[in-house]
Amino acid sequence: MNIALVSLDDSDLIKVGGKHIHQILLEKGLSELGHNVYKFYPKKKFKFIIGKVFFLILVKLKILKKSASYKWTIRSHLKNLQDQVLNCSREIDLFYTQDPVSAVAVGRLVDFVNGRKIVLTLHGYLSLESVNYGNYDKSDEINVIREALIYEKESLNYVY
């Protein structure tokens, strides 16, 4: 069986915390069972890096709030994951998504997914973890939570 592991975090680079260890063990276990595992993580392309620098400057100059950068980053990662999945020449039988954004990225590709199962493992609430680890101002936290909740709610429409 061809199984796609889709996540916002590349557990080959980041090996800290439960989510990353889970991804490593999941891949290992599926491979040992004879399945082909293909991993999809957002790639930090030049365009993305330039965008992050641009947002950093605008936030430092107080032209934009930090939550605008969060919103742009999530949407960029979603598009990047979708492009990777669509460009995959392999026939994927099952998608193991590791967060709401990954589930939405795959789920929105209705024609590509075409009845294949999408499994979602939630390692925590995207909205709360984004606020807890994002170092946002109190006044900006609600914008981050609002954006993350969109993905948390929508992801449930696609998964089993």
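The values are calculated or read from the model by the stated rules, or taken from the named source; none is laboratory data. Predicted model, so just to flag it, every value in this text is computed and none were measured. Cβ sites come from the backbone with ideal geometry, for glycine too, and all protein chains shown count toward neighbours. Areas reflect the complete protein model, heavy atoms only, side chains present, ligands, DNA and RNA absent. Shrake-Rupley method; radii C 1.70, N 1.55, O 1.52, S 1.80 Å.
Quick notes on this structure:
- Per residue accessible area in Å² of region 1-142, where ligands, DNA and RNA are left out and the probe is 1.4 Å: 58
- Each principal axis of the Cα cloud of region 1-61 was taken in turn, and the coordinate range along them, longest first, works out to 52, 23, 12 Å.
- For the residue pairs K44/K153; K19/K117; K28/K71, the alpha carbons lie more than 23 Å apart in K44/K153; K28/K71.
- Here the chain exposes an accessible surface that is 58 percent carbon and sulfur, computed with a 1.4 Å probe and the other protein chains kept in place.
- Charge tally around H35: other residues with Cβ under 10 Å, Lys/Arg +1 each, Asp/Glu -1 each, net -3.
- Using a cutoff of 8 angstrom between alpha carbon atoms and counting only pairs six or more residues apart, the relative contact order for region 1-69 works out to 35 percent.
- Most mobile listed residue (S11, S31, S69) in the chain, GNM with C-alpha springs under 10 Å: S31
- Note on K45 and I150: the extension gain reaches 35.3 nm, defined as 0.36 nm multiplied by sequence separation minus the Cα-Cα distance.
- Normalised per residue, the volume of the convex hull around the Cα set of region 28-107 (Å³): 107
- In this simple spin-label model, placing a label point 7 Å from the Cα along the Cα-to-Cβ direction at both N135 and E91 gives a separation of 4.8 nm.
- Among the GluC sites (Glu not before Pro) found in region 69-160, those both in a DSSP coil and sparsely packed, with 15 or fewer other Cβ atoms within 10 Å of their Cβ, are E91.
- Identified option (computed mean projected area of the Cα convex hull in nm²; candidates [x] 13.6; [y] 11.9; [z] 9.6): [z]
- In the chain, Cα pairs under 8 Å separated by at least six residues give a relative contact order of 26 percent.
- Cleavage-rule hits, trypsin sites (Lys or Arg not before Pro), region 5-75, DSSP coil, Cβ neighbours within 10 Å at most 15: K15, K43, K44, K45, K62
- Per-residue [θ]222 nm for the chain (sum of -39500 (n - 2.57) over DSSP H runs n ≥ 4, rounded to 500): -18000 deg cm²/dmol
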